[in-house]
Amino acid sequence: MAISEPNPVPALAGSGSAYVTPSTSFGVFKRPVQSTGWRSWVFTVDHKKLGIMYGVVAMIFFIIGGVEALLIRLQLAAPNNKVLSAGAYNQMFTMHATTMVFLFVMPMAAAFANYLVPLQIGARDVAFPRLNAFGFWCFLFGGIFLNTSWFLGGAADSGWFAYAPNTALAFSPSHGVDFWALGLQITGIASLTGAINLIVTVLNMRAPGMSLMKMPIFTWMILVVQFLLLFAIPVITVALFLLSFQRNFGAAFFSVEKGADPLLWQHLFWIFGHPEVYILVLPSFGIVSEVLPVFSKKPLFGYKFVVFSGAAIGFLGWGVWAHHMFASGLGPVSVAVFSVATMAIALPTGVKIVNWTMTLWGGKLRFTTAMLFAVGLIIEFTIGGLSGVTHAVAPSDTQQTDTYYIVAHFHYVLFGGAVFGLFAGFYYWWPKMFAKMLNERLGKWNFWLMVVGMNLTFGPMHILGLQGQPRRMQVWTDFRAGEGFFNLAFWNRVASVGSFVLAIGVLMFLINVVYTTRTAGVAPADPWDARSLEWMTSSPPAEHNFDAIPTVHELDEFFHRKYEENEATGEIHQVSTYEEIMADEATRADKHIHLPSPSYWPIILALGLPLIAYGLIFARLLAVFGAVVVLLAMFGWSMEPSVADESDYDPPVDGGPTKELATLG
Amino acid sequence: MSHSFATKPVQSNMTTVKKVQNQSGDSMTSNSTRRRRWAMPVAAVAAFTALSSCAKDAPQDTWQPAGENARKINDLQIWPFGIAGIVLLIVTAVVGYSVFKFRDRGQAIPKQSHGKPALEIALTILPALILIGIGIPTVSTLFELAKTSDTECVVNVTGQQWWWEYDYPAQAGCGGIEKPIVTSGQLVIPAGQRVLLRIASRDVIHSYWIPKLNGKRDAVPGRVQTLRMQADQPGIYSGQCTEFCGLSHAYMRMEAVALDTAGFKTWVTNQLKPYTAPTAGTKSSEGEALFITNCTRCHQVNGILGSDGKEVIARPDKYVYAGVAPNLTALMTRTTFAGAAFDLQTAACKTKLWDTPSDQFTAAYLEGVTPQCLDTVQLREWLRNPTAKKPMYADPTKLATTGGKYRGMPNLGLTEDQIDKLVAYLTERK
C-alpha cells in the first residue's frame, strides 16, 4: 500500500528474524525496477501509467468498434444491400456493442478513474497497485482474446445480449459465443478487481480532512460505479459460466427441451445489464460535473443533490432490469411494477440535468473544447433521457422495443452521454496527464463534427424506429420503406452519411493528439484555473503524486486556496497562485515515501487466463498449461513483498533516478 | 417587381429593377430581402407538410393504429411524447440562454453559491407529479391490453427459424371453423373481431409484431403467450420478427390480413377445400410426382396421394431442427412465401393489393394470386438454390451441432425442367 510513512516501520516486537520475505521472485528473478524503457510500462504498478495504458488500449478498441459501426451503416445505407452477408452482419453488430461497452467505455472510464481518483483524494497510489496492474492486463488480454475470434472461425453472432437459446450450440455452431463468454469473463475480472481496489482506495486513503462530502464529484461518481460493478459483475460472471457450461460440457441451464426456461438468461443478463448502463454513464456524469464548474467559475450547483442522486441512481438501477423485457411476456403485474420503477429513475437523472444547467446559470462561462463537450452532453443526454421516459411507458415500449427508436435512445445516452463526457475529460485532463494542451482549434472541429455527426446518425433513428424498422436486421426492403418525409430509405441514408461525419469528428481528435504531441510546448500547470486536488501538483505528477499530502478543508480545496471571498462586498478575489501554493506545500514535503515496486506477476497471471480460455475452446491440454501458469504466478505474487528490497535495485548511477523511484528523500 | 422577375430572360428589366430599387431607397430593398429570407423556409415547410400528408407512410408506422389495441397504445403514448418535447424545449432554452447570457465577458467571478435546496426540491417534485400523471394511465392501459376474456376466437401462432406458422383450431368463434387449418406467411383474421393469438416458438425466441394492430409479444420456447389482435377494417398490415433470432432474422417477416366476416368464412372454406390432383399427363401432374419425391419429406399438401394410393404424410421432424416446414396446401391463396420474404405476384399487383381500399380489399385478396398477377421468378430462384435467396443453415456437411437436421431449406439440386414442373404444380395449389 502506498502510504506516507513519517516514521520508519517499527520492527515487529519479539518476532525478531522470523519475519522474512524473499526479495527476489522464486529467489531467482530480480524485481523489474527500471524506471525507463518498455519494462517500466509492462511491469509498472503506477496508477498513472496504468491509467494511460487503459486509455490507449480503450481508444484502439474504440476505433475497432467504430469501424464495425461504419460497416453496419454501409450495409444499411441502401435496401437489400450486400456489403455484409447475414452472418458477417450479425457478428458485426454483436462485436460492435461488445467492443463499445466492454472494451471502450468501461475501460476508458477505468482509465480516468485510475489516473485521477488517487490524485483527487490526495493519495500516492491505489490501495492494491499490483491488483491494479493485473486488472489492466486482464482487460487487454481479454479484449485481444475476444477479437481473435474474427480469425478463428468467426466472432459471436448472437448479439451482445446473447439471448438463450439462440446461443446454444445448435443455433450458434461457431466458436464465436465461446470466445465471447470466456473473453468477457476475463475482462470481468479486470472490472471486479478494479472495483474492489478503488472502493478500498476511496474509503481508506483520502487526504486528511477530506470527508466524503468534501470529495470531488468525479471520485464520488466513480465510487458509486465501483459499487455497481462489485455487485453487477458477479451476476454476469455466473450467467457466462452457465452459458459456457451449457456449450462446452452439456449442461442444460437454458435447454427448453430439458425443462429449462430461457427467460432465466434474460433476467440474469439484465440484472447485470441495467446497472451496467449506469456503470457506463455515471463516470461521464462525474467528468462533466468537474468540467462545468471549472469553466463556469462556480461550484457545482447542489453538490449534495448530485451526490445523492448519483447514489440513488445506483440503488434504483437495480430495480428496473425487467424494462428490457416488457415484450417477453412477464405478465401485467410485473410489467406495471417495472414500468413505474423505470419512471422513478428519471427523477434522480433529471436532478443532474437541473444541477448542470443551474451551474451554468450566473456563471462566467469559458467555452473551451472540454466545456463544449460538457454542455453538449447536457442537451444530447436530455434527449436520450426523455426518449427513455417514452418507453418507460410499457405499452408504448411494446411498439418501440427492438426497433431503431431504442437504438436512437441508447446512443443518445451512451454517445451523447458517456462518450461526450469522456471527450470532455480528454480535453480537460490532457494537460494534467501529458503537460501539453490539446489544440483548441482542432478541438472545436472535433466537437462540432461529432455533434453534427451524432445527431445526423442517431437522430434519424428515432424516425426509423417509430416508422417500424426493427433492429438487428441485415437488410431492409424498399417496399416497406414508405414515401414522403418519413420514408425509411431517406433517413437510413442520412444516418449512414452521419456516421461518417461522426467518424471524421473522432479522427479530428486523433489528429489533434498527434499534432499536439509533435508541436505543443509545455502546458501551464493550472491551465484552466481548476478547483480540485489533482491540479495541486506538477503535470504530469511525479510518480509519488504529491511531495506532501495536502490537508483538505473545503470542497474544491484548490480553488479555495487560490481565491477568497471578501465578506463585506461578497467579491471573489485571488489570494495566491499555483506556484505559491506549491512552494508552500514543498516546505512540508515528506521525507520518506515508500512506493510499491513493479512486479512481473500481474502480467504473467493475466497471461495465463487467455491460455486457459483458448485451451477450453481448442485443446484442453493448453488449458491445463494456462492453469499452471496462473497457479505459479499466484504463488510468486503471494510470496513477493510489496516494496522491493534494496538489493533488487542496481546501484544508482551518479545518483540517477533508479533508486529514487522507491524512496524519496 | 414580381412581374419583372416573372418575365423571362431580360437583362434590361433586371437592371431596371435594380435602378428602381436604388431610387426608391434602402428601406424597400431591405424589406423585400427580409421577406424573401422568411419565404424560403416557410415554403419549404409548406412543401414538406404537403408532401408528407399525401405520401404513404411506411406500412409499419407505429403512430397509425388500425385496430383497438394499437389505438390504446397510441392514445397513451401521445402524452409522454408531448411532455418530453416540452421538457426538451425548456432545457434547451435554459441552456441556450445561459450559454449566451453568461459567457465570459470579463465579468467578476460569480459568488460561490452551492445551490438552492428549495429550487432543487421543487424541481424534483414537479417531474415526480408529471410522472405520476403518466404512470396511472400506463398501468391501466397495460392491464386493459392484457385482458383476454373478451376475445372471440383463437389462432395459434408459432415461430421457428425463419417463418411463422398459423394454425386455427376447430372452433365456433369467428364465424366457425369446422376443421383445423394450418397455414403460414399471412395471418388471416376477420376484421372487427377480437382475435386471441397464442404465441409460441419451436426453437429460439422470436417476437410477433404487427405495429398497426398491437405492440409486440415474444414467442418464447416452452411458453404460450397471448396477444390480442383486432383490425377495424379489412386490409393488409405488415410486421417483422423483432427478437433477434439468428442468421435470417431480417427475412422473418409477417403480414396480417383482415377480411370482412363473409370473406373470412370464404377464406376458411377455401383453406379446407379437398385436394384436386392435376390432370394426368400435364406438366403439373409430373410436378406432383416430383413434389412427392423431393418435397413431401418436409412439406405437407393435405390430401396428396402417393403411388400406393395412400395420403402422403410429411415428416419434417426427421429432417428439420424445428420439426416443421410450411404447409403448402393452399400456397396460392397467399401472396408471399418463405416467411413472407418473397412474392408470388408481380410488384405492380402487390402494390395494387396493398393500396386497395378496405371496402374492396376482401374480394381482391380472396382472388388469390391470379394468372395475370402470377410472378414465378422468385419462386424459381428459391427452388434453384434456397440458401442463396435467404441465408439458412442447410449445408449437409455443416450440421454437426443439430444432429444433421436442417435449419432452413437445402438445395435440392433440381434441374430447370424439374423446376418448371414443380412450379406448374405449385401454382395450382389454391
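The values are calculated or read from the model by the stated rules, or taken from the named source; none is laboratory data. Predicted model only: the values in this text are computed from it and were never measured. Please note: Cβ atoms are built from the backbone with ideal geometry, for glycine as well, and neighbour counts cover all protein chains shown.
Could you check, for the stretch B:97-114, whether at least one of its residues is under 30 Å from B:Asn214 (Cα atoms), in contact with a helix residue (DSSP H, G or I) (Cβ under 7 Å, 6 or more places away or on another chain) and in a helix (DSSP H, G or I)? Before you say what the answer is, go through the steps one by one.
Quick first cut of the stretch B:97-114, residues under 30 Å from B:Asn214 (Cα atoms) only: none.
No, every residue in the stretch B:97-114 fails to be under 30 Å from B:Asn214 (Cα atoms), in contact with a helix residue (DSSP H, G or I) (Cβ under 7 Å, 6 or more places away or on another chain) and in a helix (DSSP H, G or I).
Could you check the stretch A:97-141 and list, in sequence order, the residues that are small (Gly, Ala, Ser), over 14 Å from the mean Cα position of the chain (by Cα) and either crowded, with 24+ Cβ neighbours inside 10 Å or in a helix (DSSP H, G or I) (or both)?
From the stretch A:97-141, those small (Gly, Ala, Ser) are A:97, A:109-111, A:113, A:122-123, A:127, A:133, A:135; that's our starting set.
Of the ones still in play, those that are also over 14 Å from the mean Cα position of the chain (by Cα) are A:97, A:122-123, A:127, A:133.
Scanning the stretch A:97-141 gives A:Ala97, A:Gly122, A:Ala123, A:Ala133.
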> Restricting attention to the stretch B:204-229, which residues are among the charged types (D, E, K, R) and within 7 Å of another protein chain (Cβ to nearest Cβ)?
Replying inline: B:Lys216, B:Arg217, B:Asp218, B:Arg223
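Every residue, every condition in (1) among the charged types (D, E, K, R); (2) within 15 Å of B:Val91 (Cβ to Cβ), yes or no:
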site: A:Thr357; (1), (2): no, yes
site: A:Lys364; (1), (2): yes, no
site: A:Met371; (1), (2): no, no
site: A:Ala374; (1), (2): no, yes
site: A:Phe381; (1), (2): no, yes
site: A:Leu386; (1), (2): no, yes
site: A:Thr390; (1), (2): no, no
site: A:Thr401; (1), (2): no, no
site: A:Leu414; (1), (2): no, no
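Among helices (runs of 4 or more DSSP H) lying entirely in the stretch A:532-643, which contain 3 or more residues that are in contact with a helix residue (DSSP H, G or I) (Cβ under 6 Å, 6 or more places away or on another chain) and more than 30 Å from A:Ser289 (Cβ to Cβ)?
On the way: elements: A:557-562, A:578-586, A:601-617, A:620-638.
The helices (runs of 4 or more DSSP H) meeting that bar are A:601-617, A:620-638.
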> Regarding A:Phe381, is this residue out of contact with any Leu (no Cβ under 6 Å at 6 or more places or on another chain) and either within 26 Å of A:Leu76 (Cβ to Cβ) or without any contact (Cβ under 8 Å) to a residue 40 or more places away in the chain (or both)?
Replying inline: yes
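Out of A:Gly183, A:Gly153, which single residue is surrounded by fewer than 23 Cβ atoms within 10 Å (Cβ to Cβ) and in the same structural domain as A:Leu116 (by TED's automatic domain parsing)?
Working: A:Gly183 fails: surrounded by fewer than 23 Cβ atoms within 10 Å (Cβ to Cβ).
Of A:Gly183, A:Gly153, the one residue that is surrounded by fewer than 23 Cβ atoms within 10 Å (Cβ to Cβ) and in the same structural domain as A:Leu116 (by TED's automatic domain parsing) is A:Gly153.
Give A:Gly209, A:Gly188, A:Gly194 a once-over and let me know the one that is at positive phi and either within 14 Å of chain B (Cβ to nearest Cβ) or small (Gly, Ala, Ser) (or both).
Values: A:Gly188 fails: at positive phi; A:Gly194 fails: at positive phi.
Only one candidate passes the filter, namely A:Gly209.
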> List pairs: first in the stretch A:314-338 and facing chain B (nearest Cβ under 9 Å), second assigned to a loop (DSSP other than H, G, I, E, B) and hydroxyl-bearing (Ser, Thr, Tyr), Cβ under 7 Å, 6+ apart or cross-chain?
Replying inline: A:Phe326/A:Thr401; A:Ala327/A:Thr401
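Any idea which of A:Asn455, A:Asn487 is at pLDDT below 95, polar (S, T, N, Q) and in contact with an Asp or Glu (Cβ under 9 Å, 6 or more places away or on another chain)? So that I can check it myself, show each step before the final result.
On the way: A:Asn455 fails: at pLDDT below 95.
Unique residue meeting the criteria: A:Asn487.
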> Can you name the residue in the stretch A:388-402 that is of a type in the set (Gly, Ala, Ser) and more than 7 Å from chain B (Cβ to nearest Cβ) and is also surrounded by the most Cβ atoms within 10 Å (Cβ to Cβ) among such residues?
Replying inline: A:Ala392
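Kindly indicate whether A:Val407 is surrounded by fewer than 23 Cβ atoms within 10 Å (Cβ to Cβ), part of a helix (DSSP H, G or I), within 14 Å of chain B (Cβ to nearest Cβ) and at negative phi. Full working, then the answer.
Details: surrounded by fewer than 23 Cβ atoms within 10 Å (Cβ to Cβ): yes; part of a helix (DSSP H, G or I): yes; within 14 Å of chain B (Cβ to nearest Cβ): yes; at negative phi: yes.
Spelling it out, A:Val407 is indeed surrounded by fewer than 23 Cβ atoms within 10 Å (Cβ to Cβ), part of a helix (DSSP H, G or I), within 14 Å of chain B (Cβ to nearest Cβ) and at negative phi.
Counting only residues that are part of a loop (DSSP other than H, G, I, E, B) and within 14 Å of chain A (Cβ to nearest Cβ), which one in the stretch B:243-281 is nearest to the chain's Cα centre (by Cα)?
The extreme case among them is B:Met252.
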>> Just to be sure I understand, how many residues within the stretch B:311-347 are acidic (Asp, Glu) and surrounded by fewer than 19 Cβ atoms within 10 Å (Cβ to Cβ)?
In response: 2
> Given the conditions (1) surrounded by fewer than 18 Cβ atoms within 10 Å (Cβ to Cβ); (2) without any contact (Cβ under 8 Å) to a residue 12 or more places away in the chain, and given that B:Phe244 satisfies all but one, which numbered condition is not satisfied?
Replying inline: (1)
>> So B:Asp150 passes all but one of these: (1) surrounded by fewer than 21 Cβ atoms within 10 Å (Cβ to Cβ); (2) within 14 Å of another protein chain (Cβ to nearest Cβ). Which condition number does it fail?
In response: (2)
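Sort out for me the helices (runs of 4 or more DSSP H) sitting completely within the stretch B:344-412 that have 1 or more residues that are β-branched (Val, Ile, Thr) and closer than 30 Å to B:Pro190 by Cα.
Details: elements: B:347-355, B:358-366, B:377-384, B:386-389.
Output list reads B:347-355, B:358-366.
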> Pairs under 8 Å by beta carbon, first residue within 7 Å of chain A (Cβ to nearest Cβ) in the stretch B:86-110, partner of a type in the set (Val, Ile, Thr) and outside any helix (DSSP H, G or I), six or more apart or different chains?
Replying inline: B:Ala108/A:Ile572; B:Ile109/A:Ile572; B:Pro110/A:Ile572
